[in-house]
Amino acid sequence: MNPNPISKPLSKAQLISIHDLVDEIGKRQLQDFGQINSDIKPDGTLITECDRWSDKTIVQGLATIARGEGVLSEEGNKSIPSSSEYWVVDPLDGTTNFAAGIPYWAISIARFTNGQPETALLDIPALKKRILAIRGKGVWLNNKPLKPESRLQKNSDCISLCSRSIKVLQVKPEQTFPGKIRLLGVSSLNMTSVAIGQTIAALEATPKIWDIAAAWLILEELNCLINWLETNPKDIRPGTDLTSVNFPLLTASSKDQLNKMLPWANALIENS
């Protein structure tokens, strides 16, 4: 766990209110799941009316729960707020799965302080799973604590790739990939799969800050390694517009796994 001090931790009442807010969002998403039309955003990704509603409802809810703390969200303001504490939100990570009726998407909410995630909540409505992480205190799955040693006991040999990092197989066709490939279609869950032992590594080619915010803290609290392949999100400053900024990364469950995957990750970046 990361021992860095927390300047203004959330109160118990605030945490309860955030859980209630996510309950509300998840209920609506389950109602719309697989039954709602999608549109295409300028960047080519999908969006549904449920994305928009979820984003608006979360932003409004946080304004009441944590007054004065700014919010950066995928469907709203995309600049780093000037407040010392702020929130990064992906209201529906995995819209393509959601719209297609594939029960694998997530609600991702993270509170940042000192430029790093301090509290993170990642909810998977269709699977009834919720992960909470608090810097320096640990990670819980459905209120049960997760430990690094439980992850290491699973002996997985799977590696998660995103739809854009799959092209790494074409970059090094003469070499055998060091694991069984999994594509989950949800950036936050690709990364979190490493933290909970479903995979041993994950390579994300073009994640945005809202994709990585909650998973970042979950990974660190469970002693997983993160290698930022280009831009380190710790270096971003208030006011920075992150609309077009990617944070490609490699995360792994151990130093050995990281070293095995790093040549592939570097090759992906060099050929992108």
Query - For the chain, calculated [θ]222 nm from helices alone, where every DSSP H run of n ≥ 4 adds -39500 (n - 2.57) - result: -10000 deg cm²/dmol
Report summary line: Measuring from its Cα centre, segment 12-146 shows a charge dipole (+1 at each Lys and Arg Cβ, -1 at each Asp and Glu Cβ) which, in debye to the nearest 20, is 560 debye
Query - Under 13 Å from the residue 183 label point (7 Å along Cα→beta-carbon), backbone N, segment 252-272 - result: none
Report summary line: Computed ³J(HN,Hα) along segment 95-108: with the Karplus parameters 6.51/-1.76/1.60, θ = phi - 60°, integer Hz and x for glycine or proline, the list is 4, 4, 4, 4, 5, 8, x, 8, x, 8, 8, 9, 9, 10
Report summary line: Result row for the chain, helices from DSSP H with C-alpha axial extent 15 Å or more and mean Kyte hydropathy at least 1.0, is 209-221
Query raised in the report: To the nearest 0.05, how large is the calculated FRET efficiency for residue 15 and residue 154 if R₀ is 30 Å and r is the Cβ-Cβ distance?
Result: 0.55
Requested in this report: Can you tell me which of 199-210, 55-66 comes out highest on packing, and rank the rest after it, using the mean Cβ neighbours within 10 Å?
Outcome: 199-210, 55-66
Query raised in the report: How would you rank 113, 176, going from fewest to most other Cβ atoms within 10 Å of each one's own Cβ?
Result: 176, 113
**Report entry** For segment 149-270: rounded, prolate or oblate by the Cα gyration tensor [a/c cutoff 1.5]
**Finding:** oblate
Report task. Give the span of segment 19-123's Cα atoms along each principal axis, as three whole-Å numbers ordered largest to smallest. Result -> 39, 31, 19
Query raised in the report: Hey, got the dipole for the chain? About the Cα centre, +1 on K and R Cβ, -1 on D and E Cβ, debye to the nearest 20?
Result: 700 debye
Query - Entries in 41/78; 12/78; 12/144 that, when Cα-Cα distance is taken, lie over 22 Å - result: 12/78
Query - Distant-in-sequence amide H partners of residue 146 (H built 1.01 Å from N, under 5 Å) - result: 139, 140, 141
Query raised in the report: So who's got an amide H within less than 5 Å of the one on residue 160, skipping anything under 5 residues away but keeping other chains? H placed 1.01 Å off N, in plane.
Result: 182, 200, 201, 202, 203
Query raised in the report: Any idea what % of Cα-Cα pairs in the chain are farther than 28 Å?
Result: 31 percent
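No value in this document is a laboratory result; all are computed from the given coordinates. Predicted model, so just to flag it, every value in this text is computed and none were measured. FYI the Cβ positions are ideal-geometry reconstructions off the backbone, even for glycines, and counts take in every protein chain you see.
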